[in-house]
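Everything on this sheet refers to the single structure shown next.
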Amino acid sequence: MTVSAAVPAAARPAASRPAASRLGAAAAHPRSLPEHAGDAKAGAAASSGAKPKNRTRSAEPRLRPPLRGPKPDPHDISALVPSGKGMILMRGHSDKGRRWHQEIDLELAITLVKEQAAVIINRRTIRRIYSNKDFRKFILTRDNYTCCFCGLYGDTIDHLLPRAKGGHTTPDNCVCACNLCNQSKADLYVEEFIGR
Ligand SMILES: [Zn+2]
């Protein structure tokens, strides 16, 4: 009997261990603060006794349009929201039908959509509409194989704002030109070329 009564007494020193580990937890707490800075509100809510794991995602307001769900207007650039690195995914297909994709910055994505070269798939993805071959055919057909500068037959693609000056290969920036006009315009602005 005396032996079994001694057991709780022996356990008492062990009972002081939780206090020590609590101290350890308190010491570790400041280090973990930066990682949980975003949870400051949740932490305040948890102070009433609720644990953070009770927090549900659906309770948070949506700050961004969803990736899935109703399709955005393919031409509405305000629907685009870049990744943390400021990038948008662009995908397309080659002349042979092979799929490709690459990351581009938001500014270029907006230009390509505005200039009719790409459409918006979701807030983070655009799709290049034409392969190189399709693009050439589209421009020449649109312009009736007529040189934009001299009105004669043309079958080359000219960049109105030259690529060397930041122009892009888009329907809005490209026209049909004859070989002669294309070569003599080269990297000139349209005004420079016309004014010569
Ligand atoms: Zn011409």
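The values are calculated or read from the model by the stated rules, or taken from the named source; none is laboratory data. Note that the structure is predicted; figures quoted are calculated from it, not measured. Counting neighbours? That spans all protein chains shown, and the Cβs are built from the backbone with ideal geometry, glycine included.
Looking at GLU107, GLU115, just one residue is surrounded by 15 or more Cβ atoms within 10 Å (Cβ to Cβ), charged (D, E, K, R), away from the ligand (no atom under 16 Å from the Cβ) and modelled with pLDDT of 95 or more, and that residue is GLU115. Criterion first (away from the ligand (no atom under 13 Å from the Cβ) and either without any contact (Cβ under 8 Å) to a residue 24 or more places away in the chain or not β-branched (Val, Ile, Thr) (or both)) does ASP134 satisfy it? Spelling it out, ASP134 is indeed away from the ligand (no atom under 13 Å from the Cβ) and either without any contact (Cβ under 8 Å) to a residue 24 or more places away in the chain or not β-branched (Val, Ile, Thr) (or both). Of all residues in region 127-184, those being under 28 Å from the mean Cα position of the chain (by Cα) and assigned to a helix (DSSP H, G or I) number 9. Within region 137-156, the set of residues being crowded, with 16+ Cβ neighbours inside 10 Å and within 8 Å of the ligand (Cβ to nearest atom) comprises CYS147, CYS148, PHE149, GLY154. Out of the residues in region 76-104 that are among the β-branched types (Val, Ile, Thr) and surrounded by 15 or more Cβ atoms within 10 Å (Cβ to Cβ), which is modelled with the lowest pLDDT? By that ranking, first place goes to ILE77. Of the residues making up region 175-182, one or more are over 28 Å from LYS96 (Cα atoms) and either within 16 Å of the ligand (Cβ to nearest atom) or without any contact (Cβ under 8 Å) to a residue 12 or more places away in the chain (or both).
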